[in-house]
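*Asks:* Once you've had a glance at the structure underneath, I'll fire off some questions.
The values are calculated or read from the model by the stated rules, or taken from the named source; none is laboratory data. Quick caveat, the model's predicted, so the values are computed rather than measured. No Cβ is skipped: glycine too gets one built from the backbone with ideal geometry, and neighbour counts run over all protein chains shown.
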Amino acid sequence: MDQSIQDILQMVYGVLATYGINVVGALVIIVVGFMVAGWARRALERALERALSRSGKMDATLVRFFGSLVRYAIIAFVIIAALQQFGVEATSLVAVFGAAGLAIGLALQGTLSNVAAGVMLLMFRPFKIGDFVDIGGKTGTVKEVGLFTTELATGDNVKIIMPNGQIWGQAIANFSANPTRRVDLMMGIDYGDNIDTAMATINRVIGEETRALTDQDSTVAVAELADSSVNIVVRVWVNAADYWGVRWDLTKKLKEQLEADGISIPFPQQTVHHVNQAAE
């Protein structure tokens with residue numbers, strides 16, 4: 001065998017003899033550590049979910065946040081312990097991680113801003129899991145709030161993943177925050193129809209709607225004299241869960257009942273007057 005090859009093999013044997021046990025130990029620490037990190041996250045999430053179901057004091061949004069926080073903390077300790085197998089001092093690791101953290105922070109400013117925004121969302125909680133929200137034109141039900149991103153599901157079940165940095169800088173409309181909502185409709189009637197008759201019909205239909213809240217007054221008023229119709233505004237308070245059902249049903253019932261009572265609902269139209277001028 002060539003002398004150079006023998007030298008290389010002897011060097012490899014020497015390295016294995018010196019660091020072999022340390023390498024195996026580091027691998028065992030990493031494998032076991034990642035398993036423990038996953039187990040600890042799941043155990044904490046289950047414990048928090050049980051506490052939430054009993055007391056209701058903790059927001060479900062925080063469950064996954066604390067679970068992820070524990071997992072990342074354990075993984076950090078695992079990495080430090082694995083490196084110590086090779087004789088690396090813990091103080092040196094802290095210094096290295098500090099310098100690396102500064103460099104990474106400068107390189108990943110956008111990512112870290114998402115983390116900061118995620119913490120702010122979890123602290124101030126403008127929405128929670130299960131809320132129906134509109135964020136920057138994206139509408140859906142909140143499925144998960146993480147450190148980096150927030151997941152929404154649209155009405156037709158399309159997943160939307162938004163960076164937390166974009167969410168925190170946007171106006172957030174939370175449709176689930178309040179227990180009641182107001183249904184706003186605009187009904188147009190013909191200029192030749194009797195306004196009082198139309199308003200009486202609308203009030204009768206509202207009175208027959210059992211989901212309309214009786215402790216808050218409904219509004220039926222003439223809103224404007226439009227180009228093709230007299231527009232009557234209709235405002236009804238309902239429970240938030242009944243909003244869409246009441247809106248759709250009222251629209252149908254009002255149209256049908258107005259027509260049954262002889263009130264016409266005009267469509268946009270224009271009247272053109274043509275004047276013939278005699279030729280000179």
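*Asks:* Among the residues that make up the stretch 236-243, is at least one of them within 17 Å of ASN194 (Cβ to Cβ), in contact (Cβ under 8 Å) with a residue 60 or more places away in the chain and surrounded by 13 or more Cβ atoms within 10 Å (Cβ to Cβ)?
*Replies:* Within the stretch 236-243, the first condition is being within 17 Å of ASN194 (Cβ to Cβ), and the residues that meet it are none.
Within the stretch 236-243, not a single residue is within 17 Å of ASN194 (Cβ to Cβ), in contact (Cβ under 8 Å) with a residue 60 or more places away in the chain and surrounded by 13 or more Cβ atoms within 10 Å (Cβ to Cβ).
*Asks:* Suppose the filter is in a loop (DSSP other than H, G, I, E, B), farther than 12 Å from PHE127 by Cβ and in contact with a helix residue (DSSP H, G or I) (Cβ under 9 Å, 6 or more places away or on another chain); does LEU185 pass it? Steps first, please.
*Replies:* Values: in a loop (DSSP other than H, G, I, E, B): no; farther than 12 Å from PHE127 by Cβ: yes; in contact with a helix residue (DSSP H, G or I) (Cβ under 9 Å, 6 or more places away or on another chain): yes.
In short, no.
*Asks:* Any idea which of ASN174, ASN178 is touching a helix residue (DSSP H, G or I) at 6+ places or on another chain (Cβ under 8 Å), in contact (Cβ under 8 Å) with a residue 40 or more places away in the chain and under 28 Å from PHE127 (Cα atoms)? Show your work before the answer.
*Replies:* Working: ASN174 fails: touching a helix residue (DSSP H, G or I) at 6+ places or on another chain (Cβ under 8 Å).
Residue meeting the stated conditions: ASN178.
*Asks:* Then there is this: Would you mind telling me which numbered condition in (1) in contact with a Phe, Trp or Tyr (Cβ under 7 Å, 6 or more places away or on another chain); (2) at pLDDT below 65 ASN114 fails?
*Replies:* (2)
*Asks:* Which of the numbered conditions does THR210 fail, given that it passes all the others? Conditions: (1) surrounded by 14 or more Cβ atoms within 10 Å (Cβ to Cβ); (2) under 27 Å from ILE232 (Cα atoms).
*Replies:* Among (1) surrounded by 14 or more Cβ atoms within 10 Å (Cβ to Cβ); (2) under 27 Å from ILE232 (Cα atoms), the lone unmet condition for THR210 is (1).
*Asks:* Continuing with the same structure: So LYS143 ticks every box in (1) surrounded by 16 or more Cβ atoms within 10 Å (Cβ to Cβ); (2) in a strand (DSSP E or B); (3) of a type outside the set (Val, Ile, Thr) but one. Which box is left unticked?
*Replies:* (1)
*Asks:* Are there any pairs with C-beta distances below 9 angstrom linking a residue in the stretch 148-169 that is over 15 Å from GLY136 (Cα atoms) to a residue that is of a type in the set (Phe, Trp, Tyr) and in a loop (DSSP other than H, G, I, E, B), with the two at least 6 apart or on different chains, and if so which?
*Replies:* As it stands, the answer is none, since no pair meets every condition given.
*Asks:* Has the stretch 211-234 got any residue that is farther than 30 Å from ALA260 by Cβ and of a type in the set (A, V, I, L, M)?
*Replies:* Step one: filter the stretch 211-234 for residues farther than 30 Å from ALA260 by Cβ, giving none.
Within the stretch 211-234, none of the residues are farther than 30 Å from ALA260 by Cβ and of a type in the set (A, V, I, L, M).
*Asks:* Tally up the residues in the stretch 195-223 that are in a loop (DSSP other than H, G, I, E, B) and in contact (Cβ under 8 Å) with a residue 40 or more places away in the chain, please.
*Replies:* Here is the first cut: in the stretch 195-223, the residues in a loop (DSSP other than H, G, I, E, B) are 209-211, 213-218.
Checking which are in contact (Cβ under 8 Å) with a residue 40 or more places away in the chain leaves us with 209.
Total satisfying the criteria: 1.
*Asks:* Restricted to the stretch 117-138, and to residues that are over 20 Å from SER68 (Cβ atoms) and aliphatic (A, V, I, L, M), which residue is modelled with the lowest pLDDT?
*Replies:* Here the residue is ILE135.
*Asks:* Out of curiosity, is THR141 at pLDDT 85 or above and within 16 Å of VAL63 (Cα to Cα)?
*Replies:* Numbers: at pLDDT 85 or above: yes; within 16 Å of VAL63 (Cα to Cα): no.
When the stated conditions are applied, THR141 does not pass them.
*Asks:* For the stretch 127-140, check the following and say yes or no: at least one residue is surrounded by fewer than 17 Cβ atoms within 10 Å (Cβ to Cβ), in contact (Cβ under 8 Å) with a residue 60 or more places away in the chain, in a loop (DSSP other than H, G, I, E, B) and not hydroxyl-bearing (Ser, Thr, Tyr). Reasoning before the result, please.
*Replies:* Initial filter on the stretch 127-140 (surrounded by fewer than 17 Cβ atoms within 10 Å (Cβ to Cβ)): 130, 134, 136-139.
Now narrow it down to the ones that are in contact (Cβ under 8 Å) with a residue 60 or more places away in the chain: 130.
After this cut, where a residue has to be in a loop (DSSP other than H, G, I, E, B) as well, the list is 130.
Now narrow it down to the ones that are not hydroxyl-bearing (Ser, Thr, Tyr): 130.
Yes, the stretch 127-140 has at least one match.
*Asks:* PHE267 versus (1) assigned to a helix (DSSP H, G or I); (2) over 29 Å from the mean Cα position of the chain (by Cα): which is the lone unmet condition?
*Replies:* Of (1) assigned to a helix (DSSP H, G or I); (2) over 29 Å from the mean Cα position of the chain (by Cα), only one is false for PHE267: (1).
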